[in-house]
1. Tell me which residues, restricted to region 387-431, are surrounded by 20 or more Cβ atoms within 10 Å (Cβ to Cβ), of a type in the set (A, V, I, L, M) and closer than 22 Å to V271 by Cβ.
2. Do we find a residue being within 23 Å of S296 (Cβ to Cβ), in a loop (DSSP other than H, G, I, E, B), in contact with a helix residue (DSSP H, G or I) (Cβ under 9 Å, 6 or more places away or on another chain) and touching a residue at least 60 places away in the same chain (Cβ under 8 Å) anywhere in region 409-426?
3. Identify, from the list A125, A78, A60, the residue that is among the hydrophobic types (A, V, I, L, M, F, W, C) and either more than 27 Å from R29 (Cα to Cα) or assigned to a loop (DSSP other than H, G, I, E, B) (or both).
4. Scan V40, V17 and give me the residue that is in the same structural domain as Q71 (by TED's automatic domain parsing), part of a helix (DSSP H, G or I) and in contact with a helix residue (DSSP H, G or I) (Cβ under 9 Å, 6 or more places away or on another chain).
5. Given the condition farther than 30 Å from N442 by Cβ, without any contact (Cβ under 8 Å) to a residue 40 or more places away in the chain and under 23 Å from the mean Cα position of the chain (by Cα), answer yes or no: does some residue in region 355-376 qualify?
6. Those residues that are assigned to a helix (DSSP H, G or I) and either surrounded by 18 or more Cβ atoms within 10 Å (Cβ to Cβ) or among the small types (G, A, S) (or both), I need them from region 102-114; list them, please.
7. Of all residues being out of contact with any Asp or Glu (no Cβ under 7 Å at 6 or more places or on another chain) and outside any helix (DSSP H, G or I) in region 373-386, which is surrounded by the most Cβ atoms within 10 Å (Cβ to Cβ)? Just the residue, please.
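The values are calculated or read from the model by the stated rules, or taken from the named source; none is laboratory data. This is a predicted model, so every value here is computed, not measured. Don't worry about glycine lacking a Cβ; one is built from the backbone with ideal geometry, like all the others, and counts go over all protein chains shown.
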Amino acid sequence: MPTQWKRSPEELHKTYVANTEAFYKIAGRGLAGQMDDFCVSCALQLFSHSASLTEEHAEAVNALYSKGRPQPKWLLWALTTAVSKQTAFLPPLFFWSLTEQDVQRGTDCSRVFIRMLTNILLCLAAVDDDVTYAEAEYITECADKLTALCDSAGVKKSKPGLRAADFVTSAEPSFLEKNPPRAAGQTGPTQGQAGDKPPAEASPAPEKPDLDQLMAELDGLVGLEQVKKDVKSMMNLVKVRQLRKDAGLPVPPLSLHMVFMGNPGTGKTTVARLIGGLYAAIGALSKGQLVEVDRSGLVAGYVGQTAIKTQEVISSALGGVLFIDEAYSLASGGENDFGREAIETVLKAMEDHRDELVVIVAGYTGPMERFLSSNPGLESRFNKYIFFEDYDGDQLNAIFHLQCKKNGYELDQEAEAYSKEFFTGLYEGRDENFGNGRDVRNQFEDMVVRQADRVAAMEAPSKEDLVRFTKADFLPEETTDGIK
């Protein structure tokens, strides 16, 4: 029986944009990237409950992108492989923050999100003009799990969403029931498959990152000479360990987890990203992605939720690097603080997933030392420390020039001479709030604004005027008098 929810790909995209735009107005457009990724993941899980998979399903997933975001490019064979690997629904990370904000502000954005998601999933279920019982059960499960989080957090009540069961049109068996996953080593078509290639043949292995390119990027970082040596030593250790293993020699236990110590803006996140890619390039990690969080990304505001929230982050980091910035804040709230629950969850994951997860904790040197001594499990699992020193004046100046080059700006002769003086003074006058590379980035962005104000006042600016910084762009107008 046909369903009222069927949409063409174009109509589905319009429906998706209409729903998400309404949501962004109350929750913020900053969620667009996470929203698109989450909805694509839900679509893959939903389609495992569909009666069959066709090009219509691939086109439907390709319609799930917010205004101004890149469009997905799924092909049917890749979609089929991905659907076969789907697991249970998990609430998205940003939903936890939404519930906490709702409680603080007395709003119901998280419940609006549930209604919006239900509408989108019903449209996705109907792409083949059929909504099965299994699809309706999955949509109900998603809504129920999210609603339970709202209820436990104390989000104010709101009007209920649609009941997916009211729109069922058939009881067709699901795609996975018709096409059960192959057992390891199984050959030939499974029952219900007409000789299709198995997913392992249809889906190419993930492409490894380019080792030479990543090493060149590491070498190209400004300063950080000791950091580069430490990273290369770790790489050599891992490679030689693999060679010994291949040669049948005993290999000592090796922990890849690290502690990054240093002030903000010294390149810790950049180096963590490169390490993930480098480890993937030599086979120590399967993917090499970087998942970056701080306390707010791990800790929930209610009993029992922190472990779930932290485990979701860990799951997204498997095969790559989990980077916890300002990690010391997890142990700063006393014995009953939920941050300690996050620590225990991370420690357990480091043990359970020792071959598929690298954890890097980062922060100021003093607080990080106290953090590591706060729990015996932390000291035993983190034995590699990398120190990030502040950039000096010349290095800050070099970072600034890289920013200019990257964004198509140049300095005139007077500004070129003053740039070195400016960043030397910035370094020598630094205090506890010194931001290193972040201060350089902020300075560059301020200069772009001042240069734009100056050029906009010209009657007919030339191309050179559009790309040129002058000495006056370094400081606000009222402080430029008397600058030498």
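1. Listed by number, the residues that qualify are L396, I399.
2. No, every residue in region 409-426 fails to be within 23 Å of S296 (Cβ to Cβ), in a loop (DSSP other than H, G, I, E, B), in contact with a helix residue (DSSP H, G or I) (Cβ under 9 Å, 6 or more places away or on another chain) and touching a residue at least 60 places away in the same chain (Cβ under 8 Å).
3. When all the criteria are applied, what remains is A78.
4. V40
5. Yes - at least one qualifying residue is present in region 355-376.
6. D102, C109, S110, R111, V112, F113, I114, listed by residue number.
7. Among them, the one singled out is F382.
Every residue, every condition in (1) surrounded by fewer than 23 Cβ atoms within 10 Å (Cβ to Cβ); (2) touching a Leu at 6+ places or on another chain (Cβ under 6 Å); (3) under 28 Å from M235 (Cβ atoms), yes or no:
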{"position": "V271", "(1), (2), (3)": "no, no, yes"}
{"position": "I282", "(1), (2), (3)": "yes, no, yes"}
{"position": "D294", "(1), (2), (3)": "yes, no, yes"}
{"position": "Q311", "(1), (2), (3)": "yes, no, no"}
